[in-house]
Amino acid sequence: MPDVKETRTPARFIEPGKRGGDLDLDSQPVNDFIAFLKQHHTVVDPTMAVWEDTYLDRPGQVAKSDLAMFDRLPVQVQRASKTGGGALTATDPVIDRQYRACYANMVRMVKKLHDSGVQIVAGTDMGSGYALDRELEIYSEAGISPAEVLRIATLEAAKVMYKDQDFGSITAGKYADMILVSGDPTVNISDIRHVALVMKKGDLYRPAELYQAFGIRPE
């Protein structure tokens, strides 16, 4: 984007949003870029949850990252979630379509990166812990299998941090940091939202009790 002279402004979000939907993900420049990432062992953190809110949230609608939790959240958080405050202005129908096309292409890019062997880690660039659940759901929506998404969030993350000897999988000799889930996230990644018990450093935590401390209604 040679016409964008200053990127320390919202232009770094606005201009890619207007043009990202037009990017041909099968073009040679994109393929060369992915090859460059692989050659340099670059790890990509897509932070798709925050991009979904940035490009798709609209005033009066529940933020995408809050949608699954919305009815359980405190009233003041519900109000904030419907302001569209985390999104770019898209009152112009043309810009609205551009932003939606850009986000859809970003989702496709995540799948292309993964299929091409580029290392992905699951981050959100957001404040709430449950935004990570949405991040993983987006990877699944992109076409990555739920089992592989779960691996990205656990063992692959540990490998990136050179901690896979101690963390990342339930294996003899590793730290017993784990969650007990009601469901099977290897089949439906959204089951990761239904955590019944957390074990950390030998201590047990019950999410139902912790949620109440934050004013969130337990499941």
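The values are calculated or read from the model by the stated rules, or taken from the named source; none is laboratory data. A quick note: this is a predicted structure, and the numbers were derived from the prediction, not measured. Please note: Cβ atoms are built from the backbone with ideal geometry, for glycine as well, and neighbour counts cover all protein chains shown.
Values computed for the structure shown
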{"item": "Selection count, the stretch 134-157, where residues are over 17 Å from Leu56 (Cα atoms) and assigned to a helix (DSSP H, G or I)", "result": "14"}
{"item": "Candidates Gly117, Gly215, Gly202, filtered to the one that is closer than 19 Å to Met69 by Cα, touching a residue at least 24 places away in the same chain (Cβ under 8 Å) and surrounded by fewer than 16 Cβ atoms within 10 Å (Cβ to Cβ)", "result": "Gly215"}
{"item": "Residue that is surrounded by the fewest Cβ atoms within 10 Å (Cβ to Cβ) [pool: residues in the stretch 157-187 that are under 20 Å from the mean Cα position of the chain (by Cα) and closer than 22 Å to Asp45 by Cα]", "result": "Met161"}
{"item": "Verdict on Ala142 being at pLDDT 95 or above, surrounded by 16 or more Cβ atoms within 10 Å (Cβ to Cβ) and either among the β-branched types (Val, Ile, Thr) or over 16 Å from Met48 (Cβ atoms) (or both)", "result": "no"}
{"item": "Residue selected from the stretch 177-193 under the condition assigned to a loop (DSSP other than H, G, I, E, B) and touching a strand residue (DSSP E or B) at 6+ places or on another chain (Cβ under 6 Å), by the criterion farthest from Leu155 (Cα to Cα)", "result": "Ser182"}
{"item": "Within the stretch 27-76, tally of residues that are out of contact with any Ser or Thr (no Cβ under 6 Å at 6 or more places or on another chain), among the hydrophobic types (A, V, I, L, M, F, W, C), outside any helix (DSSP H, G or I) and crowded, with 19+ Cβ neighbours inside 10 Å", "result": "2"}
{"item": "Residues satisfying the stated conditions in the stretch 1-46, i.e. among the aromatic types (Phe, Trp, Tyr) and farther than 24 Å from Ile95 by Cα", "result": "Phe33, Phe36"}
